[in-house]
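Everything below concerns the one structure shown next.
The values are calculated or read from the model by the stated rules, or taken from the named source; none is laboratory data. Note that the structure is predicted; figures quoted are calculated from it, not measured. When we count neighbours, we look across all protein chains shown, and the Cβ atoms used for this are built from the backbone with ideal geometry, even at glycine. Calculation scope for accessible area: heavy atoms of the full protein, side chains included, ligands and nucleic acids excluded. Shrake-Rupley method; radii C 1.70, N 1.55, O 1.52, S 1.80 Å.
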Amino acid sequence: MVKLISSKERKKTCDLIQQQILNENGVPLKKISNNIASEAILTNDKNLMYFSYLPYILYKILTQPHLLHSPRWRSNKKIILDYVDSLETKELTDYVDRVMYFIGMFKTIDRDLYYYIKNIFEKAKVKKASYCYEHGQSINQTLSLTDANRIELMHYLNNSKINFEVGKDIISEKVAIIEDFFK
Amino acid sequence: MKYIFFDSSSIISLTQTNMLFLLEKLKSKEIKFCISKAVYDEIILPGQENYQFGWSSEQIAACIESGLIEVLELEEKEQKDYDLVDEQVNSIFSTKFGPIQILQKGELETIILLKRFKEKKLFSIDELITREIIDDPRKLKDIVERRYKTQLFLDEKKLKQFVDYVSDIKVVRSVDLVAYSFGKNLFAKYSKKSEHLLKSLLYALKDSGCAVLHEEIDKYAAEPH
């Protein structure tokens, strides 16, 4: 664990991502994304967290037949592969900007794909924020690491597993506290 | 004087469910509702940039403007306590890669401000993690430990120091405040079907992010307090 700080390991991960794009196999990208996010949590590194959004977005794209069957897909695929290739040489400290660049890149190339990516990017942030929260970080800490939308995250967390696992019936205790307070 | 401090999660839940009016009804000469400056920044500033927050921020800003909610800032001498508690709580858990950051400015500032007052005080928090780190940090450790793919270490000394420090801070949730308000007939004008109404109110808060179990809502509805 915690390898991605080294540029060699990041290159390996980028190669792995490129491989899945070439094979149009989205499923492994989800795991890659989670692994990067885990490292981002451990190292409290926002750039790594942003890096984790990329395989998640690509996973979603590669599992959408309507995008893969689009006449633009061939050229989009090449653009994405080139982008991932260029990422290998970038400094980790640039990853927030690089991922933002990726989101905006399709604005003029493929409007449909651009809006799809934009939506998935927001979803990815909430998903990863929930992942951080389940690792015991407060909402504020997860927001600072992921840039997720607070309101969307709060709605999402309502049904997160950790709420059921840690949650317990605390009513008697809370009622006693409140009644004593307002006495 | 008695104080209720809200963190962002709790005040946002009340705002999004149109229940801020309760503060007006619960307020008295001896009860003050407060937020820290950092919480203010968390809930008001994003509303100026983001339409999704805009309406909630406006409503909370109006409550501040009218004096219903007071914004408090740390005094210079409290900054030292802030730094100390920040270091303490954010290194209770660590992995071999370093300490795990759990709490941020909003929660930390509120904890320090709560310590300022010797009178009765409550901290209203809807999110689970911050609540648990004050209420039951050991249980939290057991749960999150399973999620880390590496060993999680607990600094017993720092945990004890933090637990002692926050021992006089009582934590509640928006659902607890609303269930209490319901028991005091503050929703009387809405419906006679009281059990249904109470459940609806509590589910609205749950949907807005308040960490409450279905069983707890059922229990509140079965025995309104």
Just the number, please: carbon plus sulfur as a percent of the accessible area of the protein assembly as shown, 1.4 Å probe, no ligands or DNA/RNA counted.
-> 50
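Given a Förster distance of 41 angstrom, what is the FRET efficiency for B:R147 paired with A:E179, based on the Cβ-Cβ distance and rounded to 0.05?
Rounded to the nearest 0.05, the efficiency is 0.70.
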Go through A:K125/B:K170; A:K128/B:K170; B:K77/B:K118; A:K3/A:K31 and tell me which ones have a Cα-Cα distance over 21 Å in this structure.
-> A:K125/B:K170; A:K128/B:K170
Under the definition of Cα pairs under 8 Å and six or more residues apart, what whole-number percent is the relative contact order of the stretch B:174-222?
-> 46
Could you tell me the total accessible area buried at the B-A interface, probe 1.4 Å, in square angstrom to the nearest hundred?
-> 5100
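Please report the relative contact order for the stretch B:2-172, taking Cα pairs under 8 Å with a sequence separation of at least 6, and give it as a percent rounded to a whole number.
Relative contact order, the stretch B:2-172: 29 percent.
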For the protein assembly as shown, the Rg and Dmax computed from alpha carbons only, in angstrom | 23.0, 70
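Divide by every residue of the protein assembly as shown the summed helix terms, -39500 (n - 2.57) for each DSSP H run of at least 4, and state the resulting mean residue ellipticity at 222 nm, rounded to the nearest 500 deg cm²/dmol.
Value at 222 nm, helices only, nearest 500: -20000 deg cm²/dmol.
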Choice from B:K189, B:K121, B:K80 showing the highest fluctuation, given a GNM over chain B with Cα pairs closer than 10 Å = B:K189
Estimated FRET transfer efficiency (B:F97, B:S200; beta-carbon r; R0 60 Å; 0.05) | 0.85
Where the stretch B:2-172 is the region considered: accessible area per residue in Å², 1.4 Å probe = 45
What distance in nm separates the simple spin-label points at B:A222 and B:I31, each placed 7 Å from Cα in the Cβ direction?
-> 2.7
Give the relative contact order (percent, whole number) for chain A; include only Cα pairs under 8 Å separated by 6+ residues.
-> 20
Excluding residues fewer than 8 positions from B:K157 in its own chain, the lysines with Cα under 19 Å of it are B:K96, B:K139, B:K141
What FRET efficiency do you get for A:S6 and B:Q79 if R0 is 22 Å and r is their Cβ-Cβ distance, rounded to the nearest 0.05?
-> 0.05
What figure in square angstrom, to the nearest 10, would you give for the accessible area of B:S191 with a 1.4 Å probe?
-> 50
In square angstrom, rounded to the nearest 10, how much accessible surface does B:R116 have for a 1.4 Å probe?
-> 70
Once the Cα atoms of chain B are picked out, what are the Rg and Dmax in Å?
-> 18.3, 58
For the stretch B:2-172, what proportion of DSSP beta bridges, expressed in % and rounded to the nearest 5, is antiparallel?
-> 25
